[in-house]
């Protein structure tokens, strides 16, 4: 089945140690999103790629970066994780074009910062 | 900020219809109403969307008032697996990408 895959599902990192979360998709969608969801809160969009074009949300900290080397893969880099960055990180995809309205989400990566 | 208002929580008996309301009084003419749900420890899942007309799919029905200021998501025969947080989201979706701004959602508990 076509899907959005996130690895790893659980990630533990140390305070200040860079960490990379990965997302891959078999849907061949041209738009990919990263959301952050802290405990008991709603998901919050960090940024998204429309094809190769990177679109950052205004309030996303500089500590968060992203790479998209090809259509299928997208990475979230946290350069210096703080305790406040502990959260579930959700990757989603969508297809642009008329009639395309659905975002497909992966299962998420739960990040713990020690 | 989210453009919608939803009750914080609701209960529904298993097998009964679950009716989840959403207020979106500032909705613009070209904005759609989306519903997503998030089962515990999973990613959000798309349910349905609509612009003006009522919509139905295999998961749910969406009833939008004529003035488009509110809507109701209906799960016709709720099961225990429908226990989740349900998000009502209003956004424009043109031909490009679009951003989902999640509000607090409604925590639906389906009770045996």
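Every number in this text was worked out from the coordinates using simple rules, so none of it is lab data. Just so we're clear, the structure is a prediction, and the values are computed from it rather than from any experiment. Counting neighbours? That spans all protein chains shown, and the Cβs are built from the backbone with ideal geometry, glycine included.
Over chain A, the Kirkwood radius and the radius of gyration, each from Cα atoms, give a ratio Rg/Rh of 0.95. Straightening the chain between residue A:17 and residue A:72 buys 17.2 nm, computed as 0.36 nm per residue apart minus the Cα-Cα spacing.
Averaging Cα coordinates gives a centre for region B:56-112 and one for region A:48-101; these two points are 24 Å apart. Taking 45 Å as R0, compute the FRET efficiency from the Cβ-Cβ separation of residue A:112 and residue B:66 and round it to 0.05. Efficiency at R0 = 45 Å is approximately 0.40.
Two numbers describe the Cα atoms of the protein assembly as shown: Rg and Dmax, which are 17.7, 53 Å. Stretching residue A:3 away from residue A:27 to a fully extended chain increases their span by 8.0 nm, per 0.36 nm per residue minus the current alpha-carbon distance.
From the Kirkwood radius over Cα pairs of region A:25-90, Stokes-Einstein at 25 °C and 0.890 mPa s returns a whole-number translational diffusion coefficient of 196 µm²/s. Computed from the Cβ-Cβ distance with R0 of 45 Å, the FRET efficiency linking residue A:60 to residue B:109 stands at 0.85. For chain B, the relative contact order comes to 37 percent (Cα pairs under 8 Å, sequence separation of at least 6).
Per residue, the average separation of C-alpha pairs within less than 8 Å and at least 6 apart gives region B:57-112 a relative contact order of 31 percent. Just the number, please: Stokes-Einstein D of chain B in µm²/s, Kirkwood Rh from C-alpha pairs, 4 °C, 1.567 mPa s. Rounded to a whole number, D works out at 92 µm²/s.
Between residue A:79 and residue B:52, take the C-beta separation as r, use R0 = 45 Å, and let me know the FRET efficiency to the nearest 0.05. Plugging the Cβ-Cβ distance into 1/(1 + (r/R0)^6) gives 0.50. Springs between Cα atoms under 10 Å define the GNM used for chain A, and in it the highest mean-square fluctuation of A:83, A:21, A:46 occurs at A:83.
Placing a pseudo-label 7 Å from each Cα along the Cα-to-Cβ vector at residue A:50 and residue B:8 gives an inter-label distance of 3.8 nm. Remark: relative contact order (region A:43-114) = 21 percent; criterion is Cα-Cα distance under 8 angstrom and separation of 6 or more residues.
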